[in-house]
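Here's the structure we're looking at; comments come further down.
The values are calculated or read from the model by the stated rules, or taken from the named source; none is laboratory data. The structure displayed is predicted, hence computed values, not measured ones. Counting neighbours? That spans all protein chains shown, and the Cβs are built from the backbone with ideal geometry, glycine included.
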Amino acid sequence: MVLSMLKVPFVDLAVQYQEIRDRLLVGIDKVGNSGQYVLGEECLLLEEELKVFCDSKHVVTVGNGSDALFLVLKALGIGPGDEVITAPNSFIASAWAISATGATPKYCDVDDGFNMDPQELRRSINKKTKAIIPVHLAGIPCRINEITEVAKIYGINIIEDCAQALGATFQNRHVGNFGVAGGFSMHPLKNLGVMGDGGFITTNNEELSTQIRLLRNHGLKDRDHVAIWGYNSRLDELQALVGRIKLKLLKEWNGQTLAIANKYLDSFSGKVEVLKVPMFSKPVWHNFLIFTERRDSLRKYLFDKRIDTRIHYPIPIHLQEVHKNQYRIGDYPKAEYQSANSLSLPIYPTLTNNQVEYVIDTVLEFLK
Ligand SMILES: *Cc1c(COP(=O)(O)O)cnc(C)c1O
């Protein structure tokens with residue numbers, strides 16, 4: 001079905017573009033005239049502004065969110081022979097970052113809120129475990145305080161996967177400040193999406209931020225001196241510009257998304273299972289998941305009524321082909337339950353009241 005035939009598309013980035021278009025066109029001209037298109041002023045300013053937004057001492061922008069996680073692991077010296085634990089119900093990049101270092105991705109099951117379960121984590125740690133990557137899935141903070149407690153016992157670093165959670169807080173602290181670093185994505189579909197790929201790292205550890213700055217730019221200390229083997233993972237000036245313009249609107253947008261989530265929550269309460277939000281946390285609702293055994297027929301029903309939905313994610317990471325013969329169905333039951341029963345409804349700031357109500361009515365109609 002083409003986008004224009006849908007009453008409620010799952011995403012509609014072109015609508016949001018209209019809101020920033022004028023500012024963007026002026027900005028593109030400014031960047032063009034500056035003659036500096038990589039690691040220039042926009043990038044520096046975005047890092048400064050993100051430091052304030054995330055309340056972190058250091059921010060390093062990189063090419064994408066996957067690299068954000070990968071470069072932190074590299075900076076920590078993680079590699080072959082090491083194991084890193086993440087959640088099996090995430091986007092593949094959470095595990096890819098581990099695998100790309102040569103380390104082995106390991107998993108532990110999630111809790112009733114579908115984020116990393118601290119008890120399961122404790123059971124999964126062994127001598128080879130060198131780091132933990134909890135995910136704040138769908139923009140809902142995981143139980144990061146308990147996860148931090150477990151990690152402390154074993155002296156293991158935490159790298160938060162905040163790709164879906166920019167703006168979310170736990171106990172009034174922005175995500176990305178609980179472990180040694182946080183990895184964020186600015187992929188177009190994320191809450192702060194640029195017009196291409198982008199990502200950044202938050203950390204309160206100066207040494208680590210210096211190391212990541214080296215790694216993202218070929219290990220170059222300055223124009224001519226290479227300290228270590230690095231990578232090319234830089235955010236270009238145009239994407240930094242888009243990021244800066246959108247960041248100014250993000251609080252407002254997140255507020256609008258929150259209002260939609262609250263409407264969904266009110267309307268679905270007692271009628272269908274929804275994501276649980278842990279105490280003390282303020283989510284940003286990157287996705288809105290509902291759960292039903294009749295998920296596939298609900299999805300079809302909604303599509304016939306011209307409402308587009310998604311599944312996050314239809315195959316849990318441990319059951320992907322990359323792990324062939326390593327895991328079995330039943331290894332992580334909660335993550336598997338999510339894959340089989342969850343449906344993500346449209347949620348983004350430019351959804352109209354009419355669209356939200358139409359989604360609610362149609363879902364309730366199906367459930368009757
Ligand atoms: C999007 C995403 C990433 C990767 O970010 P990219 O910018 O697409 O590389 C990592 N983890 C999670 C949970 C994500 O949703």
Check: Is there a residue in the stretch 66-73 that is among the charged types (D, E, K, R) and surrounded by 24 or more Cβ atoms within 10 Å (Cβ to Cβ)?
Finding: yes
Note to self: From the list Ser90, Ser99, exactly one residue is hydroxyl-bearing (Ser, Thr, Tyr), part of a loop (DSSP other than H, G, I, E, B), over 19 Å from Asn205 (Cβ atoms) and in contact with a strand residue (DSSP E or B) (Cβ under 9 Å, 6 or more places away or on another chain). Which is it?
What the structure shows: Ser90
Check: For the stretch 264-280, how many residues meet the condition of being closer than 21 Å to Leu137 by Cβ and not in a loop (DSSP other than H, G, I, E, B)?
Finding: 5
Next item on the list: State which residue is nearest to the ligand (Cβ to nearest atom) when the search covers only the stretch 39-92 and only residues that are out of contact with any Asp or Glu (no Cβ under 9 Å at 6 or more places or on another chain) and among the aromatic types (Phe, Trp, Tyr).
Entry: Phe70
Item checked: Unique residue being touching a residue at least 60 places away in the same chain (Cβ under 8 Å) and in contact with a Phe, Trp or Tyr (Cβ under 7 Å, 6 or more places away or on another chain) when the list is Leu189, Leu247 -> Leu247
Item checked: First in the stretch 172-183 and farther than 10 Å from Pro141 by Cβ, second anywhere and assigned to a loop (DSSP other than H, G, I, E, B) and within 16 Å of the ligand (Cβ to nearest atom), Cβ under 6 Å, 6 or more apart -> Gly176/Cys162; Gly182/Cys162; Gly182/Gly176
Item checked: Looking only at the stretch 176-219, and only at residues there that are surrounded by fewer than 23 Cβ atoms within 10 Å (Cβ to Cβ) and of a type in the set (Lys, Arg), the one that is nearest to the ligand (Cβ to nearest atom) -> Lys190
Next item on the list: Name, by its number, the condition in (1) surrounded by fewer than 21 Cβ atoms within 10 Å (Cβ to Cβ); (2) farther than 23 Å from Glu237 by Cβ; (3) away from the ligand (no atom under 15 Å from the Cβ) that does not hold for Gln36.
Entry: (2)
Margin query: Can you pull out every residue in the stretch 332-368 that is assigned to a helix (DSSP H, G or I) and aromatic (Phe, Trp, Tyr)?
Written below: Tyr337, Tyr358, Phe366
Margin query: For the stretch 278-336, give me each residue that is modelled with pLDDT under 95 and more than 19 Å from Ser90 (Cβ to Cβ).
Written below: Met279, Phe280
Note to self: Quick check on the stretch 282-311: of everything there that is aliphatic (A, V, I, L, M) and assigned to a strand (DSSP E or B), which residue is farthest from the ligand (Cβ to nearest atom)?
What the structure shows: Ile307
Notebook entry, point to check: Has the stretch 316-333 got at least one residue that is outside the structural domain of Ala163 (by TED's automatic domain parsing), among the aliphatic types (A, V, I, L, M) and farther than 30 Å from Ala103 by Cα?
Noted result: no
Check: Here are Ser34, Ser66: which of them is in contact (Cβ under 8 Å) with a residue 60 or more places away in the chain and under 19 Å from Ile158 (Cα atoms)?
Finding: Ser66
Check: Residues Val322, Val284, Val277, Val242: which one is among the β-branched types (Val, Ile, Thr), out of contact with any strand residue (DSSP E or B) (no Cβ under 8 Å at 6 or more places or on another chain) and loosely packed, with under 14 Cβ neighbours inside 10 Å?
Finding: Val322
Note to self: So Ile78 ticks every box in (1) assigned to a helix (DSSP H, G or I); (2) at pLDDT 95 or above; (3) more than 17 Å from the chain's Cα centre (by Cα) but one. Which box is left unticked?
What the structure shows: (1)
Note to self: Step by step: first the residues of the stretch 39-63, then only those that are farther than 16 Å from Val242 by Cα and either among the basic types (Lys, Arg) or touching a helix residue (DSSP H, G or I) at 6+ places or on another chain (Cβ under 6 Å) (or both), then the one that is surrounded by the most Cβ atoms within 10 Å (Cβ to Cβ). Which residue is that?
What the structure shows: Val60
Notebook entry, point to check: Checking Pro314 against (1) in a loop (DSSP other than H, G, I, E, B); (2) more than 21 Å from the chain's Cα centre (by Cα), which single condition isn't satisfied?
Noted result: (2)
